[in-house]
Amino acid sequence: MLIGEVARRSGVSARMLRHYESLGLVRPSGRTGSGYRDYSAQDIRRIFHIESLRALGLSLREVGRALDDPGFTPSALVGDLIGRTRERIAAETELLTRLSRIHAADPAGWEDALHVVTLLQALGSSSADARQRAALSSADDPPLPVEALVEAVLGETDPHVAGALRWALARSGDGGRALLAEGIGSPVAAVRERAVRSLAEMPGDEATGHLRDALAHPDPVVGGYAALELGARGEADAVPTLIDMIVEGRNDTEAADALSVLAGDTATADRIAARLVDRLALGTTGAPARGRLTQALAGVPGTTASRALVELSHDAERAVALTAAYLLQLRAGR
């Protein structure tokens, strides 16, 4: 079969077939009387084998070795190809992410695009100062895409940089809230904590809704941060979690402060006091927890809390009774 017909049937150009021949990959088995290359069926099969191996990512040198070395085993080479392919995919994915973020910033010109590139590179710097400067510069025009800020804050370990990133996120618009809520579902505890802390600094009803959802998270750190912020926002849904925190001694002082903020009207104050009294009455609540619950009543106004303190001033546990009596004196002096 002449080279033109081989090229037509195989899809390999005549020029490439001549290149294969120059490298010794495939040689036509014969020549016609006029001196033209004449390919046999076996030659054509070899051409298809060459193309198949090239499709796997082998170089022409590797193709020749695979076809001509009787002792060649493909496992090591295929394993190497898998590694190289994964590296290439990772590099291409990183490039795609960077390009997508530049596109999301909607730069007006190349100067703006280069500004975004510079900030993105600084966010990935090993220098905490460089990352912090990038975070504080993210409000420039054009701003950094919110996706880049969320990724940075979820991975940031330096507290100063993390604070700057949370500040930037709070001013970045609405997109970051849903992404941070996804971060709360991370299997990594540190990422969950960064996500809920960042969400707590985001204003608006959407952030509040995500924080309400976080109250039921099995990670007590997540639920605790959500409860403290919801308490500051006047959300009564946080009360049960805040009381649990007081009982367990987790940020109990901050939880008691949040309860006092929530107890802004008489009806809410009485409900909070009643819940605290209910927990005090439980036989499973130990002495330290009862002491913390008694102290929490100090920040709750109203008659329900006052009556509870009067009763507790006669409590069998001396520490609880003394605390309640002292708190009653303070209330009387107001």
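Across region 195-234, the number of residues qualifying as open to solvent by 60 Å² or more (accessible area, probe 1.4 Å) and in a helix (DSSP H, G or I) comes to 9. Within region 28-48, the set of residues being outside any helix (DSSP H, G or I), open to solvent by less than 70 Å² (accessible area, probe 1.4 Å) and among the basic types (K, R) comprises R37 only.
Inspection of region 43-62 finds no residue satisfying the criterion of being in contact with a Lys or Arg (Cβ under 6 Å, 6 or more places away or on another chain) and free of Cβ contacts under 8 Å to residues at least 40 places away in the same chain.
Checking each residue in region 165-195 for being under 9 Å from the mean Cα position of the chain (by Cα) and more than 17 Å from P218 (Cβ to Cβ) picks out L179, L180, R194.
Tell me whether region 306-317 contains one or more residues that are of a type in the set (S, T, Y), outside any helix (DSSP H, G or I) and touching a residue at least 12 places away in the same chain (Cβ under 8 Å). Yes; the residues of region 306-317 include at least one that is of a type in the set (S, T, Y), outside any helix (DSSP H, G or I) and touching a residue at least 12 places away in the same chain (Cβ under 8 Å).
The set of residues from region 280-300 being farther than 16 Å from Y326 by Cβ and surrounded by fewer than 19 Cβ atoms within 10 Å (Cβ to Cβ) comprises A281, L282, G283, T284, T285, G286, A287, P288, A289.
Residues that are under 20 Å from L95 (Cα atoms), free of Cβ contacts under 8 Å to residues at least 24 places away in the same chain and out of contact with any Lys or Arg (no Cβ under 8 Å at 6 or more places or on another chain) within region 125-174 comprise S126, A134, E151, listed in sequence order.
So P187 passes all but one of these: (1) at pLDDT 95 or above; (2) surrounded by fewer than 16 Cβ atoms within 10 Å (Cβ to Cβ); (3) part of a helix (DSSP H, G or I). Which condition number does it fail? Of (1) at pLDDT 95 or above; (2) surrounded by fewer than 16 Cβ atoms within 10 Å (Cβ to Cβ); (3) part of a helix (DSSP H, G or I), only one is false for P187: (3).
Within region 326-334, is there a residue that is over 30 Å from R194 (Cβ atoms), open to solvent by less than 30 Å² (accessible area, probe 1.4 Å) and either free of Cβ contacts under 8 Å to residues at least 24 places away in the same chain or not charged (D, E, K, R) (or both)? Within region 326-334, one or more residues are over 30 Å from R194 (Cβ atoms), open to solvent by less than 30 Å² (accessible area, probe 1.4 Å) and either free of Cβ contacts under 8 Å to residues at least 24 places away in the same chain or not charged (D, E, K, R) (or both). Residues of region 72-98 that are of a type in the set (G, A, S) and modelled with pLDDT of 85 or more: G83, A90, A91. Taking helices (runs of 4 or more DSSP H) as the structural unit, those lying wholly within region 74-163 and holding at least 1 residues that are β-branched (V, I, T) and either within 27 Å of E201 (Cβ to Cβ) or open to solvent by 30 Å² or more (accessible area, probe 1.4 Å) (or both) correspond to 74-104, 110-123, 146-155. Looking only at residues that are assigned to a helix (DSSP H, G or I) and within 38 Å of the chain's Cα centre (by Cα) in region 276-289, which one is modelled with the highest pLDDT? Among those residues, the one meeting the criterion is L276.
State whether one or more residues within region 49-61 are among the acidic types (D, E) and open to solvent by 80 Å² or more (accessible area, probe 1.4 Å). Scanning region 49-61, I find no residue that is among the acidic types (D, E) and open to solvent by 80 Å² or more (accessible area, probe 1.4 Å), so the answer is no. Given the structure, is D237 under 27 Å from L276 (Cβ atoms), of a type in the set (D, E, K, R) and in contact with a Lys or Arg (Cβ under 7 Å, 6 or more places away or on another chain)? The answer is yes for D237. Exactly one of these conditions fails for V12: (1) exposed (fewer than 11 other Cβ atoms within 10 Å of the Cβ); (2) touching a helix residue (DSSP H, G or I) at 6+ places or on another chain (Cβ under 7 Å). Give me its number. It fails just one condition, (1).
Does Y20 count as under 30 Å from T85 (Cα atoms) and either touching a residue at least 12 places away in the same chain (Cβ under 8 Å) or open to solvent by less than 30 Å² (accessible area, probe 1.4 Å) (or both)? Yes; evaluated as a whole, the condition is true for this residue.
In the set (1) open to solvent by 10 Å² or more (accessible area, probe 1.4 Å); (2) in a helix (DSSP H, G or I); (3) in contact with a helix residue (DSSP H, G or I) (Cβ under 7 Å, 6 or more places away or on another chain); (4) closer than 25 Å to A332 by Cβ, D237 fails one condition alone, (4). Put simply, of D252, D219 the only residue that is over 20 Å from L199 (Cβ atoms) and charged (D, E, K, R) is D252. For region 256-275, enumerate the residues that are part of a loop (DSSP other than H, G, I, E, B) and open to solvent by less than 50 Å² (accessible area, probe 1.4 Å). Answer for region 256-275, where residues must be part of a loop (DSSP other than H, G, I, E, B) and open to solvent by less than 50 Å² (accessible area, probe 1.4 Å): just A263.
The values are calculated or read from the model by the stated rules, or taken from the named source; none is laboratory data. No experiment lies behind these values; they were computed from the predicted model shown. For neighbour counting, all protein chains shown are included, and Cβ atoms are generated from backbone atoms with ideal geometry for every residue, glycine included. To get the accessible areas, we keep the full protein, side chains included, count just its heavy atoms, and leave off ligands, DNA and RNA. Shrake-Rupley method; radii C 1.70, N 1.55, O 1.52, S 1.80 Å.
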